[in-house]
Amino acid sequence: MPFTDIAVALQISFTYFTIIYLTGLGGLFSERSGIVNIGLEGLMIIGTVTGAFGARFFTDTLELGLPWGPILGLLFGALCGAIFAGVHAVATISFRVDHIVSGVVINLVAIGLARFLSSAFFNGQSTQSDPGGPHLARLDIPLLSSLPGGLDRAFQSLSPMVLVAAFMVVPVWYALNRLRWGLRLRSCGENPEATRSLGVSVPLYRYQGVLLSGAFAGLSGAFLASEVIGNWREGQTLGLGFIALAALILSNWNPIRLMFFAWLFGFATAIPLRLNDAPVISALPPQFIRMIPYIVTIVAIAGFVGRVRPPAAAGKAYEGGGGT
Amino acid sequence: MATEGLAAPVAVAKQRSSWAETLVGQLLALLASLGIALLAGSVLIVAYGESPATVYSSILDASMGSADGIGYVLAIATPLIFSALAVAVCFKGGLFNIGVEGQYLVAMVTAAWAEIELGFLPGPILVVVVLLAAMLGGMIWAAVPGILKVKTGAHEVVTTIMMNQIAISLVAWALNFPLKFSNAPPGQNVDLRTDQFPEGGLVGDIGQYFGVTPGAHLSWLLFLAIAAAVIVWFMMRRTRLGYESRAVGSSPGSAKAGGVAIGSTQLRLFLISGALAGLVGMQQILADRGYLPQNYVVFLGFTGIAVAFLGQNNPIGIIFAAILWGVLSRGEVALQIESEVPREFIIILQGILILSVVITYQIAKRRLAARQLQRAGAAGELDDSAGPDESGGPRGPEIGGREAFEAVEGSGT
């Protein structure tokens, strides 16, 4: 098997890593603050439709051109994701609706809302926009992109967002572990009563966590639609939001480990696309390879391998302060 | 919870009144959320420059104004009744089965397999066998999270999410390999699908007896759905399993102390839920298409969760909730033809409805719990901050969520 195939599979895996990692970070902020968020897929969907619209709107309609048009498009997707996550925040934090119930509703409503927005954005087309939207210039990573033996392909013509996602781990880790803000956010997820007794507003931090989760998932969706595919299409998220959730659980809600699992699942997603002829893999139907991330997650939460420990208070209604 | 103990003795005397109060409270909450949804919808309609009265009456007219319309509505409601019942059965036992989606996908595969492999059987027997195959498929898929929950404590929400995703790949695999059509269907050979099922293996159209167009694909699966609702109601109210599952759902601790085998109850609920989920896809492949296509209708399982909330997890309420959902869905047709408002408006309306239902029920339940608590003589102590664990109002989902992931933790030690 030629190295180039592996290299291209790696290159694709970096793209999927970006999608899964950004969405997973979104889930991380929310769940670390104590709000279970299974609505990541829905938040991503809103990101895809608004991101695709934003990229076109800022680039062509407002004539900002490159690179500002696509950048603002991505940020617009993040903003809309955060706004939509506000629904989850209000329901779970202010009205104390069950987190799972609200998450399911988020996923359900997102599909309809995406169609509705799409028909408003794209001249009545409710399930897709015109292909070939504007995107950021592709870039080759210095040094790595001149590796010999065909491996260079893995590091060529990547979206700059891949680097943004990869380096995102630094500020996220720092904010969560070294800033007072992060400490408080995490303590809201571990022991809200104790946090409150220190004079910290638990709802305030949880709102921030949930809105951040919407922003990250929205950014990830916008990246998928405008940078990877080039247009919005219904169903293009393909359950990546759930893969992100799986990666988050396996990472034990840790941003550094999340990087590894996001890449691993990204690579698993890339295999059927590029490595069909490899030994072993060619014997398996591609659909079975797609099942791997989910099976691994089931095995892990069943406690057969390793252990996962979620934030202690995640998913529990918090009665003190704020709310109705 | 301490409040359970406080409320129980008094509840004996006041049972009837609190039961009626709960019902009235739920109805009020439902009406309030319908009102909110219609009001929010009106704002949107006005934004499109149309009159809400005209749009709403055209929706009603398209869905309830003719025999055909009613036929379409009932055909839409049929799978939703099954899926909402599947969700509700688990809710009663404090379990959150969001895996109905995956369970019905797998069931469609097992049913299609039975149709093709056992097609030699005579008509009525074949249909029965196919329905059993579907129920079995759903049960197998539900058994995995059920067994994992009972044996290892893996939380069913996470496992069912993963099982849903696996099911999507499984259907794709079945359509690409074992069940791929052997003779390309004429005219539309681009779409991946199974072979056409034998004529005798399809469920009959009943629309013709009521003057409904065959295009609605109204089938006797509707009666099966209603029968299933009655059976579930009976099971929950009048059998030992129903009693035990309600006990497990409202207070696992007391149930255990009372001698209920929690694990076995939960597993049985999962299996019943899976069997019901298995029937969700049958309207689609046996009454509508006659084969399993690649572009099968998705999200019936998740929509079932919405319908279950709307119907308050009550089997009879679910029938009406599914019909209400069908009325709205059918209304799309009216919007397409008669109005400037895009048809996606309906989905937004359904979304707002379900959001406001979830929130108003939560508020109503807390109010109700607080009031019943007050009457029980524990006023002041917990007041309005009465947690979601207190009696009254819908039970299941809150309990499922409250202990979200807890079990996972426990399994680690």
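List of remarks:
- In sequence order, region A:23-33 has phi-based couplings of 5, x, 4, x, x, 4, 4, 5, 6, 5, 8 Hz under the Karplus curve 6.51 cos²θ - 1.76 cosθ + 1.60, θ = phi - 60°, and Gly or Pro positions carry x.
- Region A:177-324 - convex hull of the alpha-carbon atoms, volume per residue in Å³: 156 Å³
- Residues A:C80, A:C188, B:C90, arranged from fewest to most other Cβ atoms within 10 angstrom of their Cβ, appear as A:C80, A:C188, B:C90.
- Spin-label model distance (nm) - A:L183 vs A:S157, 7 Å beyond Cα toward Cβ: 4.9 nm
- Relative contact order for region B:228-318: 26 percent, from Cα pairs under 8 Å spaced at least 6 residues apart, divided by residue count.
- Among the chymotrypsin sites (Phe, Trp or Tyr not before Pro) within region B:98-128, those in coil by DSSP and having at most 15 neighbouring Cβ atoms inside 10 Å are B:F120.
- Divided by 2.2 N^0.38 Å, where N counts the residues, the Cα radius of gyration of region B:52-107 comes to 1.58.
- Its convex hull of Cα atoms gives region B:241-316 a direction-averaged projected area, equal to a quarter of the hull surface, of 6.5 nm².
- Site pair B:F120 and A:R138 shows an inter-label distance of 5.6 nm when each label is modelled 7 Å from Cα along Cα→Cβ.
- Once the Cα atoms are used to define both axes, helix A:68-89 deviates from the longest principal axis of chain A by about 40 degrees.
- FRET efficiency, B:S57 to B:F299 (Cβ-Cβ, R0 30 Å, nearest 0.05): 0.60
- Gain upon complete extension [B:L38, B:I231; 0.36 nm per residue less C-alpha separation]: 66.1 nm
- Residues of region A:118-155 with an amide N closer than 19 Å to a point placed 7 Å from the Cα of A:A166 along the Cα-to-Cβ direction: A:136-155.
- If you look at the Cα atoms of chain A, you get an Rg and a Dmax of 19.8, 63 Å.
- Counted by neighbouring Cβ atoms within 10 Å, the residues B:S251, A:S33, B:S51 run from fewest to most as B:S51, B:S251, A:S33.
- Fully extended contour minus Cα-Cα distance, from A:E234 to A:F260, at 0.36 nm per residue: 6.5 nm
- The residues neighbouring A:W253, those whose beta-carbon lies less than 11 Å from its own, together hold a net charge of +2 under the Lys/Arg +1, Asp/Glu -1 convention.
- Alpha-carbon Rg with Dmax, taken over region A:1-55, Å: 15.3, 47
- Electrostatic tally near B:F299: other residues with Cβ closer than 14 Å to its Cβ, Lys and Arg +1, Asp and Glu -1, net -2.
- Helix A:99-121 axis, angle to chain A major axis (alpha carbon atoms, nearest 10°): 50 degrees
- Nitroxide proxy distance, nm - points 7 Å out along Cα→Cβ at B:Q374 and B:F210: 4.5 nm
- If R0 is taken as 30 Å, the Cβ-Cβ distance between B:R238 and B:A143 corresponds to a FRET efficiency of 0.70.
- Across region A:3-301, Cα pairs under 8 Å and at least six residues apart give a relative contact order of 37 percent.
- Hydrodynamic radius of the protein assembly as shown per Kirkwood, over alpha carbon pairs, in Å: 26.6 Å
- Residues in region A:3-47 that a label on A:S282 would reach, taking backbone N under 18 Å of a point 7 Å out along Cα→Cβ: A:3-9
- Of the two radii for region B:211-283, the radius of gyration is 1.17 times the Kirkwood radius, both from the alpha carbons; that is the Rg over Rh value.
- Residues B:A20 and B:V129, FRET efficiency given R0 of 41 Å [Cβ-Cβ distance, rounded to 0.05]: 0.35
- Structure note, pairs B:K92/B:K256; A:K316/B:K92; B:K92/B:K180; B:K151/B:K180: Cα-Cα distances above 28 angstrom occur for B:K92/B:K180; B:K151/B:K180.
- P(r) weight above 18 Å for region A:103-229, C-alpha pairs, percent: 70 percent
- Computed over region B:140-184, Kirkwood Rh from alpha-carbon pairs, angstrom: 11.9 Å
- Adding -39500 (n - 2.57) for every DSSP H run of four residues or longer, then dividing by how many residues chain A holds, sets the calculated 222 nm ellipticity at -20500 deg cm²/dmol.
Every number here is computed from the coordinates shown, using simple stated rules; none is lab data. These figures come from a predicted structure and were not determined experimentally. Reconstructed Cβ throughout: ideal geometry from the backbone, glycine too, with neighbour counts over all protein chains shown.
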